[in-house]
1. Using unit Cβ charges (K, R positive; D, E negative) and no other charged atoms, how large, in debye to the nearest 20, is the dipole of the chain about its Cα centre?
2. Excluding Gly53 itself, what net charge comes from residues whose Cβ is under 13 Å from its Cβ, given Lys and Arg +1 and Asp and Glu -1?
3. I want the local charge near Phe96. Using Cβ-Cβ distances under 15 Å, sum +1 for each Lys or Arg and -1 for each Asp or Glu among the other residues.
4. So what are the radius of gyration and Dmax for the Cα set of the chain, in Å?
5. What does the helix-only formula give at 222 nm for the chain: each DSSP H stretch with n ≥ 4 adding -39500 (n - 2.57), the total divided by the residues, and the result rounded to the nearest 500 deg cm²/dmol?
6. Using a Gaussian network model of the chain with C-alpha springs under 10 Å, which one of Phe46, Phe14, Phe96 is most mobile by mean-square fluctuation?
Amino acid sequence: MKSLLFVLRPHRTFWLALSLVALVVAATAFAALIDYFAARAAGPGFVLYAWSGIAGLRILVAPLFALAFFLSALFAPNRTARIALFSAAAIETAVFASVATTMLHPPR
């Protein structure tokens, strides 16, 4: 059975749209990371603290997005799409790894 991504290889507009969407989704992961750390520094009385719950959920799904972007990059037909998708996967991985490291080894 052929993969849907393999069937869509000849369609440049699909890969352009997927690359842009992947980078926008990765940007939301980076924004969630900033909110997560800013809320930890600010404390419970600030508005950022309320948003940090949503940021935490976004960070928890980062590995799924990273895997999807990585697999999409493997099927991407051109260099530009591959670079964008691999970059999005790397951003998602870095965001999740930084929060996981902070949770496992909290600052003293």
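A short reminder: the numbers here are calculations on the coordinates, not readings from a lab. In this text, all values refer to a predicted model and were calculated from it rather than measured experimentally. Note: ideal-geometry Cβ built from the backbone for every residue, glycine included; neighbour counts use all protein chains shown.
1. On the way: 8 positive and 2 negative charges, 66 e Å.
Dipole of the chain, to the nearest 20 debye: 320 debye.
2. Taking every Cβ under 13 Å from that of Gly53, the sum is +1.
3. Values: positive: Arg58; negative: Asp35, Glu92.
Overall, the nearby charge balance is -1.
4. Using the Cα atoms of the chain, the pair Rg, Dmax is 16.4, 54 Å.
5. Details: 5 runs with 89 residues, N = 108.
Counting only the DSSP helices, I get -28000 deg cm²/dmol.
6. It is Phe46.
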